[in-house]
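The structure under discussion appears below in the form of structure tokens.
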Amino acid sequence: MNIEALISKAAGEAVKTLYGMDATEKMLQLQKTRSEFEGNLTLVVFPFVKAAKKSPEQTAQEIGEYLVQNCTAIDKFNVVKGFLNLSIGDGAWLELLKAIDQDDHFGTKSVDEGSPLVMIEYSSPNTNKPLHLGHVRNNLLGWSLAQIMEANGNRVVKTNIVNDRGIHICKSMLAWQKWGNGETPESSGKKGDHLIGDYYVAFDKHYREEQAQLQAQLVEAGMAPDEAAKRAKDEAPLIKEAHEMLVKWEQGDPEVRALWEKMNSWVYAGFDETYKKMGVSFDKIYYESQTYLKGKAKVEEGLAKGLFERHDDGSVWADLTNEGLDQKLLLRSDGTSVYMTQDIGTAEMRFQDYPIDKMIYVVGNEQNYHFQVLSILLDRLGFKWGKELTHFSYGMVELPNGKMKSREGTVVDADDLMALMVEDAYKTSMELGKFDDMTEEERREIARIVGMGALKYFILKVDARKNMLFNPEESIDFNGNTGPFIQYTYARIRSILRKAPLSSPEGDTIASALKTIEAPSGAVGGASLSDKEIELIQKMNEFGAAVEQAGKDYSPSGIANYCYELTKVFNQFYHDYSILNEPDADKRAVRLMLAKNVAKIIKSGMALLGIEVPERM
């Protein structure tokens, strides 16, 4: 049952009957009545005034009288200027509660083979370093967006493109060759991605030393400092060796390829462990080492068709001046590819693998221009979704002490961060006495759920388009707009339901509630529903709209904010009204039903964010 749809339809019939006007769906949209006025839903009547040939107040009065007589959901109304405030009767609210209770997938849409196919790319790690805090935001946004798109009736394919080739990977490989002494994850006791990341940092350290030494020599020889710095950056022995290794890799040198495969296998094992802890996964993983040749072939194909142009030095460019942009390099003069070429190749492979209706790239806002160009190029090359690809552009994660830099080793490691959050959740819960009467195994599992919930919620509640400042201490809080606050409310409700006086919350208690709802009077134990109970049902009923809007806006923060608002409304209700100690059996049954369904929606909403909720805390 959808009360808004029912009343909108009745309002449309009222306008047609009273004024002979066919009102559009947009004209009949209802708003939640402002708190200072009596009512639940408000209809703006200004669009009908011309047809009515009456004042806004008179028009609203006539429509209100019609609705009270012809729509069973409307109990009474009041008029404030051109606003018709409608009060919904208890019977309608109880019917709505019944409908919510009986719908196991309330608020979400079903998916079948004919549903649109949406592909979402996220993560995109480099195999020269472990995942860090920036990757955490990317992965959590991508995973949540996938759940939200599926909840809106789409088939979803979650993909990852691994940056497993290029100069950065060669830097780690070369550093390991020079200073690794055969070190492995097993011999060092380190995760493979952490081990390789250490060598990436080591390369940068030695490279900087070489640059400084060479620059000093050039300046001493009479070269200007700026020119000397540029020359040193390009001609330091380490960077030249790394470039030579990259050329060998592209030529298929057996020794270089073998080292590359061995070191990447260490990294992938580390990534898999991190993804598992984070609670994210992928349906398909692509590798740039497999896609870049596809991209080069596609660019050559576009060149043959006159879509691109080759310059005198052999490089290939796309002229985008007609689109208000500049020229974009696609192939270097030595024939090697750039990131754009690789993305074209990846798109080619994906288009062959899946009948994509929509493509969403979850990538930081520093790549806005890149995806603007990619969209134009894919459209030129004939990809049906190219022109409409979506770059889900999100802001950077910053720390209280500044930005992160991988090559300098100043990043916040994802594994370390998750471990810290779980440990903080454990300590905080112990201090607050929330772990009493639990085994150590239970404590550790709940600490994992709460710690990861705190991390995910803190990141996802922020509008993705904004830069955010991450402070772990603020996220582990059992009060306020935090994951633990919502999780604790869920656990509290589950505890209430376990203590319900009848055999089970899902059994006799709910059966009693349903019997109450079906009573002709629509009242609970002879009394009306309280304002807080009506507010709670109304807030629950908004879940579907929140899911739909989050899908339209690509906004996990919309779901996070809805879960927080629902939790607040429940806690206000719980503060004012007893559930288990309510003497009236019918009222108690309905309140148990309210609690049960609030918990159901919290669990469903938090799952869209990739957040688990514990049965007890």
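The values are calculated or read from the model by the stated rules, or taken from the named source; none is laboratory data. Everything numeric in this text was worked out from a predicted model, so none of it was measured. We place every Cβ from the backbone using ideal geometry, glycine too, and count neighbours over all the protein chains shown. We work out accessible area using only protein heavy atoms, side chains counted, and drop any ligands, DNA or RNA first. Shrake-Rupley method; radii C 1.70, N 1.55, O 1.52, S 1.80 Å.
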key: Cut-off under 5 Å, modelled amide H: who pairs with Leu331 long-range   = Val316
message = Per residue, how much accessible surface does the stretch 553-617 expose to a 1.4 Å probe? Answer in Å², no decimals.
response = 35
task = Measure nothing fancy, just the Cα-based angle from helix 368-380's long axis to the longest principal axis of the chain, in degrees from 0 to 90, nearest 10.
result = 90
note = Once Lys and Arg are counted +1 and Asp and Glu -1 for all other residues with Cβ under 12 Å from that of Tyr577, the total becomes -2
query = Of all trypsin sites (Lys or Arg not before Pro) in the stretch 303-340, which ones are in loop regions per DSSP and have a Cβ with at most 11 other Cβ atoms within 10 Å?
reply = Lys305
query = For Rg and Dmax of the Cα atoms in Å, the listed values are [x] 30.2, 99; [y] 37.7, 124; [z] 27.1, 90; which was obtained by calculation from the structure presented?
reply = [x]
inquiry  = How large is the accessible surface of Asp584 in square angstrom, using a 1.4 angstrom probe and rounding to the nearest 10?
reply    = 50
query = Gap in Å between the Cα centre of the stretch 151-209 and the Cα centre of the stretch 316-375?
reply = 24
remark   = Note to self, the chain gives a 222 nm [θ] from helices alone (DSSP H runs n ≥ 4, -39500 (n - 2.57) apiece, / all residues, nearest 500) of -18500 deg cm²/dmol
remark   = Put Asp424, Asp164 in order of accessible area, largest first, probe 1.4 Å, and you get Asp424, Asp164
Karplus (6.51, -1.76, 1.60) ³J(HN,Hα), θ = phi - 60°, over the stretch 470-482, in Hz, Gly and Pro reported as x = 9, 10, x, 4, 6, 7, 8, 8, 8, 10, x, 7, 9
ask   = Sorted by accessible area with a 1.4 angstrom probe, largest first, how do His370, His105 fall?
value = His105, His370
ask   = Rounded to the nearest 10 Å², what accessible area does Glu65 show when all protein chains are kept and the probe is 1.4 Å?
value = 80
message = Looking only at the chain, where both bridge partners belong to it, what percent of the DSSP beta bridges are antiparallel (to the nearest 5)?
response = 50
ask   = Which angle from 0 to 90°, rounded to the nearest 10, does the C-alpha axis of helix 440-460 make with the longest principal axis of the chain?
value = 80
Phe83, Phe573, Phe77, ranked by accessible area, largest first (probe 1.4 Å) = Phe83, Phe77, Phe573
query = Pairing the Cα long axis of helix 556-576 with the longest principal axis of the chain, what angle in degrees results, from 0 to 90 and rounded to the nearest 10?
reply = 40
query = Carbon and sulfur atoms: what percent of the 1.4 Å accessible area of the stretch 135-190 do they account for?
reply = 42
Table column - 3J(HN,Hα) (Hz), the stretch 64-70, Karplus curve with 6.51, -1.76, 1.60, x for Gly and Pro = x, 4, 5, 5, 4, 7, 10
ask   = Using a ≥ b ≥ c from the Cα gyration tensor of the stretch 257-297 (square roots of the eigenvalues), is it rounded, prolate or oblate, where a/c under 1.5 gives rounded and otherwise the larger of a/b and b/c decides, a/b for prolate?
value = oblate
ask   = How much accessible surface does Lys233 have with a 1.4 Å probe, in Å² rounded to 10?
value = 120
task = Starting at the first residue of the stretch 541-554, write each ³J(HN,Hα) from the Karplus equation 6.51 cos²θ - 1.76 cosθ + 1.60 with θ = phi - 60°, in whole Hz, x for Gly and Pro.
result = 5, 7, 4, x, 5, 5, 5, 4, 5, 4, x, 5, 8, 6
message = I need the peptides 134-142, 91-99, 31-39 ranked by packing, meaning the mean over residues of other C-beta atoms within 10 angstrom, with the highest value on top.
response = 134-142, 91-99, 31-39
note = Scoring only Lys, Arg, Asp and Glu (+1, +1, -1, -1) among other residues with Cβ under 11 Å from the Cβ of Val362 yields +1
